[in-house]
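Everything on this sheet refers to the single structure shown next.
The values are calculated or read from the model by the stated rules, or taken from the named source; none is laboratory data. It should be emphasised that the depicted structure is a prediction, and the values quoted were computed from it without experimental measurement. Cβ: placed from backbone, ideal geometry, glycine included. Neighbour counts: every protein chain shown. Just the protein is used for accessible areas: all its heavy atoms, side chains included, with ligands, DNA and RNA removed. Shrake-Rupley method; radii C 1.70, N 1.55, O 1.52, S 1.80 Å.
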Amino acid sequence: MSALISGTSQVIVALIIMPFMLFYLLRDGKGLRDHITQFLPNKLREPVGKVLTDVNQQLSNYVRGQITVAVIVAIMFIIFFKIIGLRYAVTLGITAGVLNLIPYLGSFLAMIPALVLGLIAGPVMLLKVIIVFIVEQTIEGRFVSPLILGSQLNIHPITILFVLLTSGSMFGVWGVLLGIPVYASAKVVISAIFEWYKKLVVCMS
């Protein structure tokens, strides 16, 4: 019971905090860069500023990727619901796409109205709705999200899957929420440090 309460509270906190974090990162990303670099020595301002700009660009790409995935999810649901003959297919599909922006809880919330309509229509339709959700979640999790986010962030889809699985198993909800943007940002920082190191070696040799 305590584990359930803890997991639920983590999801709620994540849902409350993440939209604000994303909004301010996208709105004030460049201003944050200037605010940080003003405290650095003049020699470091340009390279550090470039790294922060690249990190901000990666985070922006991540948000755009998530929105693209949500649109594709909405289209898939609309098509699948139309195929099985479920009523309000367009409305349910758009709702599922929007809710897909919410990790974990979004998919569960999207299932509720579709399952209710399927139950009203009869057991056969209910089974069809369940199959649709299984198929959609498989396609989205194995193909759509890794490919879209991978192309937006210039990260291999297999790496996306590995990061999601690892961060999710280690840190739960927060791992799924932050795993990809943290990895993408860390990749930028590590690449910059490696480039600085190579230049230092060349200068010393």
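Around residue 108, with a cut-off of 15 angstrom between Cβ atoms, what is the net charge of the other residues, counting Lys and Arg +1 and Asp and Glu -1? Don't skip to the end; give the middle numbers.
On the way: positive: none; negative: 136, 140.
Spelling it out: positives minus negatives among the neighbours equals -2.
Compute the signed sum of charges (Lys and Arg +1, Asp and Glu -1) over the other residues within less than 15 Å, Cβ to Cβ, of residue 181. Working shown, then result.
Working: positive: 64, 187; negative: 54.
Every neighbour counted, the sum reads +1.
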Considering only DSSP states other than H, G, I, E and B, which chymotrypsin sites (Phe, Trp or Tyr not before Pro) in region 46-138 qualify as loop sites with at most 15 other Cβ atoms within 10 Å?
88
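Taking the Cβ of residue 74 as the centre, find all other residues whose Cβ is under 12 Å away and add up their charges (Lys, Arg: +1; Asp, Glu: -1).
That works out to -2.
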Candidate lysines - alpha carbon under 24 Å from residue 50, same-chain residues fewer than 8 apart omitted
30, 187, 198, 199
Assign one of three labels to region 74-171, namely rounded, prolate or oblate, based on the Cα gyration tensor with a ≥ b ≥ c the square roots of its eigenvalues; rounded applies when a/c is under 1.5, prolate when it is not and a/b is larger than b/c, and oblate otherwise.
prolate
Surface accessible to a 1.4 Å probe, residue 60 within the full protein complex, Å²:
20
